Amino acid sequence: MSGNAEVIHRAAKNVMLADYVFTLPGLFLLIISGVVMAAKGGYALGGMSWLTASLLLFAATGLLWLGVLIPLQKAMIRHSRQSIESGIISDAYKKASKYWAIFGTAASLLPLVILYFMISKPF
């Protein structure tokens, strides 16, 4: 972290913008293409299978993003704006940033488990 409140604020806003421009449309494309491919491949969604587990993990990733990461990003933007005014990076920003890193890592690792399920089809 550079310690420059204006740079931090701009970065926080750009991360939020990137999520809306790239992540959200990508999620919709993944859902639509996944459903179409599962239907064409003849895979059933009933019972617990690699596909059902993958979909549940994908839903968990989405809920984590919508329920935790987006609110944390909004808090980071708000706190970084206040840091510009005060000239000091606030503890509230640092806390939100820390939690964003932790939950963001989890949200990034879950798709790796999904990828494993989709490649290996273990059950």
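What are the ³J(HN,Hα) couplings of segment 115-123, residue after residue, when phi is run through the Karplus curve with 6.51, -1.76, 1.60 and θ = phi - 60°? Round to Hz, x for glycine and proline.
In residue order, the calculated couplings are 4, 4, 4, 6, 7, 8, 6, x, 7 Hz.
Which residues among segment 1-45 fall inside the zone where the amide N is under 15 Å from a point 7 Å beyond the Cα of residue 82, along Cα→Cβ?
9
Which lysines, on any chain, are close to residue 98 with Cα under 29 Å apart, when same-chain ones fewer than 8 places away are left out?
13, 74
Reachable lysines from residue 40, Cα under 24 Å, same-chain residues fewer than 8 places away excluded?
121
Could you estimate the translational diffusion coefficient of the chain from the Stokes-Einstein equation, with Rh from the Kirkwood formula over C-alpha pairs, at 25 °C and 0.890 mPa s, in whole µm²/s?
151
In Å, what Rg and Dmax follow from the Cα atoms of segment 39-103?
18.7, 59
Say each of residue 49 and residue 115 gets a label point 7 Å from the Cα, pointing the same way as Cα to Cβ; how far apart are those two points in nm?
2.3
Need one number: nm distance between label points at residue 4 and residue 66, each 7 Å from Cα along Cα→Cβ, rounded to one decimal.
Going from the residue 4 label point to the residue 66 one covers 3.7 nm.
Each reported figure results from applying straightforward, stated rules to the coordinates on display, with no laboratory input. Model, not experiment: these values are computed from the prediction. Ideal geometry is used to build each Cβ from the backbone, glycine not excepted, and the neighbour counts take in all protein chains shown.
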